[in-house]
Number of protein chains: 2
Amino acid sequence: MYIGIDLGGTNIAGGLVSEDGRILLKDSVPTLKERPAGEIVRDMAELSGKLIAGYGAEPEEIEGIGIGCPGIVDHTSGRVIHLTNIKMDEFDLAGEFRKTLDLPVYVENDANCAALGEYVANGGGADSFMLITLGTGVGCGIVLGGRLFRGFNGAASEAGHMTLVYGGEQCNCGKKGCWEAYASVTALIRQTKAAMEAHPESMMNADAAERGKVSGRTAFECARAGDKAAAEVVDSYAKYVADGIVSLENIFQPEIISVGGGISREGEYLLKPIMEYISKNRFNKYVSKTRIVTASLHNDAGIIGAAMAAR
Amino acid sequence: MYIGIDLGGTNIAGGLVSEDGRILLKDSVPTLKERPAGEIVRDMAELSGKLIAGYGAEPEEIEGIGIGCPGIVDHTSGRVIHLTNIKMDEFDLAGEFRKTLDLPVYVENDANCAALGEYVANGGGADSFMLITLGTGVGCGIVLGGRLFRGFNGAASEAGHMTLVYGGEQCNCGKKGCWEAYASVTALIRQTKAAMEAHPESMMNADAAERGKVSGRTAFECARAGDKAAAEVVDSYAKYVADGIVSLENIFQPEIISVGGGISREGEYLLKPIMEYISKNRFNKYVSKTRIVTASLHNDAGIIGAAMAAR
């Protein structure tokens, strides 16, 4: 048995995971990210202890604890280099964790964990596998030959920060026109708001007023209900997503590209226009094609993947 | 000893190559690409025989023959799947070659060969290495952990066909806005011509009239001589090249990215603005950075790399 922990900006989610990647028990505690790092880590360790006890297991039965972190880590030493939204720079996460619960701890990037989780859920046999997560940003994890691909410095697979529109929208990373600035849910909301302003008659305005906010689902729901402006938002968003996938396919020719994140629950409604665009625009016309799928684990990918990384 | 053959649209270049990647003797014959494939292959084999005899070696001393082809090949079977400009689709290249010269033959993609050649020339110790070749198109070869990265179907590393400008210039591949449509020498010539038209006073017009053509060097030479419009062409071209490199660095974090192709002979004049752009726009601000270098083997990369692929 393993424990997988998904450290997020809002919650610390943890799970007891079987050898073959099934969650046996899970739980979460708030991150309260403004706290000192030591307190956050103590809560992670206590959550792990609670999972072990809750399942009626003994600490000796746990073969490893994997922690997925939102940022750059050194997986060889278990140290955090820099996290995006949590104050944990240059921090010995594994060492600190073991002060509370002394078990083997493995620290990994959270997008890498999610990719590993989906890879295992997909059967684990693919020659090469990429997970693209459409969320607040666009995350990416790459599994080549059954192993995480990290680059020479551990910081690889930031596909959200490849350019889609040269000189385009300003991205948080400092560069302009990143794929993330067009294909993230944050970008979709921006695109939805722009269409609402341009089309005051659109159902999207009434929908947003009723729910009190514009979300990543606003355009999808109104498009399904027949709203033309909403359908245009969905179509244009799907093409942004698809064009980035084509770039990645042309570069990697991975056996599988999996599309995850909350928006992937739109299923065929999102995947169909994406697939049409990819079929028309992919470079490879001669040999076996990359298979595009939607992710299956949703929020559990991070927990399962962190456990599988520890395995 | 090995033989490396670089099959191009104009010439078949071949070389006898030492175990450690030095060319001992080289020669070439015209491809005459409209001919039947069998004749082209016979000329390759005869060129190989000539190199062996010319060096005073015996065929038994040749441990392998590598052939770099401009297109998609199956390196496991030695078959060509599809070449870009030569009629050799679904063709048993290795088998046909051995009818004339019966030695172990290894067939590989030419951009992969060039990458392997530059990788070896660079010391061969890098964890991860990418060669970007700026020529008629934008070629790319990737070496990970000392081995060529080919994707699950052998067709990977078409980085020239990642998008740089969504919906931009039409690319030969069918998609719009590919990096190749902005960063190839073909694109540079197009950009130079547009600037010449917009700036009739520019030195570039006189230069082109004198030489009878616009080339990839026109803007560089006139910029060096102080022409403002030419300097703008060079600056804008360097940024297109650099932005694509930033995308690849963000995705791969390779230890080294090498920039090759005739235009790379512009050296610092091209590399300096590229490096300035990359330093400002790269995602990685926390850990060791990718080293950007210019390629060193120039036209010999294909020959040496094909030989190293056979090794």
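The values are calculated or read from the model by the stated rules, or taken from the named source; none is laboratory data. Quick caveat: nothing in here was measured; it's all calculated off a predicted structure. Positions of Cβ are backbone-derived with ideal geometry, glycine not excepted, and every protein chain shown enters the neighbour counts. Just so you know, the surface numbers come from the protein's heavy atoms only, side chains and all, with ligands and any DNA or RNA stripped out. Shrake-Rupley method; radii C 1.70, N 1.55, O 1.52, S 1.80 Å.
How much accessible area does B:F283 have with a 1.4 Å probe, in Å² rounded to the nearest 10?
50 Å²
Once every DSSP H run of n ≥ 4 in chain A is given -39500 (n - 2.57) and the sum is divided by its residues, what mean residue ellipticity at 222 nm do you get, rounded to the nearest 500 deg cm²/dmol?
Mean residue ellipticity, 222 nm, calculated: -12000 deg cm²/dmol.
Find, among the GluC sites (Glu not before Pro) in segment A:1-98, those assigned to loop by DSSP (not H, G, I, E, B) with at most 11 other beta-carbon atoms within 10 angstrom.
In loop regions of segment A:1-98 (DSSP not H, G, I, E or B), the sparsely surrounded GluC sites (Glu not before Pro) are A:E19, A:E34, A:E90.
Using θ = phi - 60° and the Karplus curve 6.51 cos²θ - 1.76 cosθ + 1.60, what whole-Hz ³J(HN,Hα) does each residue of segment A:80-93 get, with Gly and Pro shown as x?
Whole-Hz 3J(HN,Hα) from phi for segment A:80-93: 8, 8, 7, 9, 5, 10, 10, 7, 8, 6, 6, 10, 7, 4.
Taking the Cα centre of chain B as origin and charging only Cβ (+1 Lys, Arg; -1 Asp, Glu), how large is the dipole, in debye to the nearest 20?
Dipole about the Cα centre, nearest 20: 780 debye.
Could you state the accessible area per residue of the protein assembly as shown in Å², with a 1.4 Å probe and every protein chain left in place?
40 Å²
Mind putting a number on the dipole of the protein assembly as shown about its Cα centre? Charges go on the C-beta only, +1 for Lys and Arg and -1 for Asp and Glu, and I need it in Debye to the nearest 20.
1060 debye
What is the average number of partner chain Cβ atoms found within 10 Å of a Cβ in B:276-289?
Averaged over the peptide's residues, the number is 5.
For B:K213 and B:E46, calculate 0.36 nm times their separation in residues minus their Cα-Cα distance, and state this gained length in nm to one decimal.
Taking 0.36 nm per residue and subtracting the Cα distance, the gain is 56.5 nm.
Around B:P59, what is the net charge, scoring Lys/Arg as +1 and Asp/Glu as -1 over all other residues with Cβ under 14 Å from its Cβ?
For residues surrounding B:P59, the net value is -4.
Rounded to the nearest 0.05, what FRET efficiency is calculated for B:E34 and B:N172 with R0 set to 25 Å and r the Cβ-Cβ distance?
E between B:E34 and B:N172, to the nearest 0.05, is 0.80.
Taking only the C-alpha atoms, wrap a convex hull around segment B:242-303 and report its volume per residue in Å³ as a whole number.
Hull volume over Cα atoms, normalised by residue count, gives 86 Å³.
Is segment A:1-129 rounded, prolate or oblate when judged by the Cα gyration tensor, a ≥ b ≥ c being the square roots of its eigenvalues, rounded requiring a/c under 1.5 and prolate requiring a/b larger than b/c?
oblate
Interface size between chain B and chain A, please: total buried accessible area, 1.4 Å probe, rounded to the nearest 100 Å².
Summing both sides, the interface buries roughly 4100 Å².
Points 7 angstrom from Cα along the Cβ direction at B:A194 and B:R265: gap in nanometres?
Result for the modelled spin labels: 2.7 nm.
Using a label point 7 angstrom from Cα along Cα-to-C-beta, what distances in nm, from shortest up, separate B:E197 from the other copies?
Going from nearest to farthest copy, the values are 3.5 nm.
Per Stokes-Einstein, at 37 °C and 0.692 mPa s, what whole-number D in µm² s⁻¹ belongs to the protein assembly as shown, with the Kirkwood radius over Cα pairs as the hydrodynamic radius?
Diffusion coefficient, whole number: 125 µm²/s.
Could you give the nm distance between label points at A:D127 and A:A53, where each point is 7 Å from its Cα heading toward the beta carbon?
5.0 nm
Taking a ≥ b ≥ c as the square roots of the Cα gyration tensor eigenvalues, with a/c under 1.5 meaning rounded and otherwise prolate when a/b beats b/c, else oblate, which class fits segment A:203-253?
Cα axes put segment A:203-253 in the prolate bin.
Work out the charge dipole of segment B:1-60 with +1 on the Cβ of Lys and Arg and -1 on the Cβ of Asp and Glu about the Cα centre, then indicate which of B:A37, B:I3, B:I52 is farthest towards its positive end.
Highest projection toward the positive end goes to B:A37.
Please give me, ordered by residue number, the trypsin sites (Lys or Arg not before Pro) of segment B:216-301 that lie in loop per DSSP and have at most 15 other Cβ atoms within 10 Å.
B:K285
Under the Karplus relation 6.51 cos²θ - 1.76 cosθ + 1.60, θ = phi - 60°, what is the ordered set of whole-Hz ³J(HN,Hα) values for segment A:156-173, x standing for Gly and Pro?
So the J values, rounded to whole Hz, are 6, 6, 8, 5, x, 10, 7, 6, 10, 10, 3, x, x, 3, 5, 9, 4, 6.
Measure nothing but the geometry: give the 0 to 90° angle between the long axis through the Cα atoms of A:110-121 and the longest principal axis through the Cα atoms of chain A, rounded to 10°.
It works out to around 90 degrees.
Based on C-alpha coordinates, I'd like the Rg and Dmax of segment B:179-311, in Å.
That works out to 16.5, 54 Å for Rg and Dmax.
What residue among B:I278, B:G145, B:H75 has its Cα farthest toward the positive end of the dipole of chain B, where the charges are +1 on Lys, Arg and -1 on Asp, Glu, each on the Cβ?
Positive-most Cα among the choices belongs to B:I278.
I'd like the carbon and sulfur percentage of the solvent accessible area for the protein assembly as shown, probe radius 1.4 Å, heavy atoms only, ligands and nucleic acids excluded.
Here it works out to 49 percent.
Kindly express, to the nearest 10 degrees and within the range 0 to 90, the angle between helix B:301-310's C-alpha long axis and the longest C-alpha principal axis of chain B.
Roughly 40 degrees, rounded to the nearest 10.
Would you mind calculating the gained length between B:S18 and B:T84 on full extension (0.36 nm times residue separation, minus the Cα-Cα distance), in nm to one decimal?
Gain on stretching B:S18 to B:T84: 20.8 nm.
Test of understanding: in a Gaussian network model of chain B with alpha carbons linked when under 10 Å, which of B:G38, B:G49, B:G167 would top the mean-square fluctuation ranking?
Between B:G38, B:G49, B:G167, it is B:G167 that shows the largest mean-square fluctuation.
Roughly how many nanometres apart are two label points built 7 Å out from the Cα toward the Cβ at A:S77 and B:N11?
Label at A:S77, label at B:N11, 5.1 nm between them.
Hey, if you drop one equal point scatterer on each alpha-carbon of chain A and run the Debye formula without solvent, what base-10 log of I(q)/I(0) do you get at q = 0.07, 0.16 Å⁻¹?
Values returned for q = 0.07, 0.16 Å⁻¹ are -0.29, -1.27.
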